[in-house]
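Enquirer: First, the structure itself, so that you have it in front of you.
The values are calculated or read from the model by the stated rules, or taken from the named source; none is laboratory data. Worth saying up front: this structure is predicted, and the values here are computed from it rather than measured. As a convention, Cβ positions derive from the backbone with ideal geometry for all residues, glycine included, and neighbour counts pool all protein chains shown. Side chains are part of the model used for accessible areas, which takes the heavy atoms of the whole protein and leaves out ligands, DNA and RNA. Shrake-Rupley method; radii C 1.70, N 1.55, O 1.52, S 1.80 Å.
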Amino acid sequence: MIVILLGPPGAGKGTQAKRLEEKYGIVQLSTGDMLRQAVAADSDLGRRAKAVMEAGQLMPDDLMIAMIEERISQPDCRNGFILDGFPRTVSQAEALDDMLARRGLRLDAVILMKVDEEALVERITGRFTCARCGASYHDKFNRPKVEGVCDICGGTEFVRRPDDNEETVRARLKAYHEQTAPILPYYRDKGVLKEVDGMAPIDEVTRQIEAILAP
Ligand code: AMP
């Protein structure tokens, strides 16, 4: 199964991707996570990505396309994958089509998580993840069941993204509207675009996604 989760920053793509990963036994491919790993490793790519991410801008298409092509060639992607954060431009969407066609693969669904933009800044600035397993939480909307302990892995360390501040979020939203939203008509024309209500409670969003993916 190959699924793309689309939507502005803060729509809940990462949270839902993690749930689908478990349910369907397919891997989450988050280009944002890959870039954050490069930043942590302080590689050449990481140093470049750090500046771009802090500015809330997008990395160059050719780099991101090469990164995802290399990733989908790994054995753990054989059962399928959930793309979270890719494609983010029409060029990336076209390149993805191309690389899937060359492998004889096809997209099962492109799911747009529709959200009320007013809510996004609050959603993003309050979020944090488990440092060990990456499970996502929110100060107000989704706290761990036991304070300070990850529900999934029991980890006790949590991290916040440096680009989850109000100023960068506004730049990221602008990049979404200008560069990513044009992907929507691209997939709509192909008849693969589905929508879910990203403002619904997290379990309800999962239910809506599962209803789309159900055979
Ligand atoms: P995300 O974790 O998906 O919100 O991505 C964090 C940041 O990484 C974005 O704001 C971009 O700077 C960069 N990024 C992630 N994925 C892509 C992509 N497919 N194309 C360009 N830049 C990306």
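Enquirer: Among the residues of segment 47-65, count how many are closer than 18 Å to Arg170 by Cα, open to solvent by less than 90 Å² (accessible area, probe 1.4 Å) and free of Cβ contacts under 8 Å to residues at least 12 places away in the same chain.
Expert: So the answer is 2.
Enquirer: Okay, moving on. Residues in segment 153-171 that are within 16 Å of the ligand (Cβ to nearest atom) and either of a type in the set (Phe, Trp, Tyr) or at positive phi (or both): how many?
Expert: From segment 153-171, those within 16 Å of the ligand (Cβ to nearest atom) are 159-171; that's our starting set.
After this cut, where a residue has to be either of a type in the set (Phe, Trp, Tyr) or at positive phi (or both) as well, the list is none.
Total meeting the criteria: 0.
Enquirer: Being in contact with a strand residue (DSSP E or B) (Cβ under 8 Å, 6 or more places away or on another chain) and free of Cβ contacts under 8 Å to residues at least 60 places away in the same chain is the filter here; which residues of segment 159-189 pass it?
Expert: Val159, Arg160, Asp164 - these are the residues of segment 159-189 that are in contact with a strand residue (DSSP E or B) (Cβ under 8 Å, 6 or more places away or on another chain) and free of Cβ contacts under 8 Å to residues at least 60 places away in the same chain.
Enquirer: Same structure again: If you go through segment 34-46, how many residues are open to solvent by 20 Å² or more (accessible area, probe 1.4 Å) and near the ligand (Cβ under 10 Å from one of its atoms)?
Expert: Taking segment 34-46 first, the residues open to solvent by 20 Å² or more (accessible area, probe 1.4 Å) are 34, 36-37, 39-45.
In the following step, the residues that additionally are near the ligand (Cβ under 10 Å from one of its atoms) were identified as 34, 36, 39.
Matching residues across segment 34-46 total 3.
Enquirer: Hey, among the residues in segment 147-199 that are of a type in the set (Gly, Ala, Ser) and not in a loop (DSSP other than H, G, I, E, B), which one's farthest from the chain's Cα centre (by Cα)?
Expert: Looking at the filtered set, the residue picked out is Ala171.
Enquirer: Would you point out the residue of segment 37-61, among those that are under 19 Å from the mean Cα position of the chain (by Cα) and acidic (Asp, Glu), that is farthest from Ser91 (Cα to Cα)?
Expert: Applying the filter and picking the extreme gives Glu54.
Enquirer: Here is a further query. Got a sec? Which of Lys140, Lys174, Lys194 is more than 14 Å from the ligand (Cβ to nearest atom), open to solvent by 50 Å² or more (accessible area, probe 1.4 Å), farther than 26 Å from Arg78 by Cα and of a type outside the set (S, T, N, Q)?
Expert: Of the residues listed, the single one that is more than 14 Å from the ligand (Cβ to nearest atom), open to solvent by 50 Å² or more (accessible area, probe 1.4 Å), farther than 26 Å from Arg78 by Cα and of a type outside the set (S, T, N, Q) is Lys140.
Enquirer: Now for a different question. Does Ile202 satisfy being surrounded by 12 or more Cβ atoms within 10 Å (Cβ to Cβ), among the β-branched types (Val, Ile, Thr) and under 16 Å from the mean Cα position of the chain (by Cα)?
Expert: yes
Enquirer: While we're here: May I ask you to list the residues in segment 127-140 that are touching a Phe, Trp or Tyr at 6+ places or on another chain (Cβ under 7 Å) and outside any strand (DSSP E or B)?
Expert: Selection gives Ala131 alone.
Enquirer: In this structure, does Glu70 turn out to be more than 12 Å from the ligand (Cβ to nearest atom), closer than 25 Å to Leu193 by Cβ and of a type outside the set (A, V, I, L, M)?
Expert: no
Enquirer: Using beta carbons and a limit of 9 Å, which pairs, at least six apart or on different chains, have the first residue in segment 76-104 and free of Cβ contacts under 8 Å to residues at least 24 places away in the same chain and the second one away from the ligand (no atom under 16 Å from the Cβ) and not in a loop (DSSP other than H, G, I, E, B)?
Expert: Asp97/Lys190
Enquirer: Has segment 114-123 got at least one residue that is more than 30 Å from Ala211 (Cβ to Cβ) and surrounded by 13 or more Cβ atoms within 10 Å (Cβ to Cβ)? So that I can check it myself, show each step before the final result.
Expert: Going residue by residue through segment 114-123, those that are more than 30 Å from Ala211 (Cβ to Cβ) are none.
No: segment 114-123 contains no residue that is more than 30 Å from Ala211 (Cβ to Cβ) and surrounded by 13 or more Cβ atoms within 10 Å (Cβ to Cβ).
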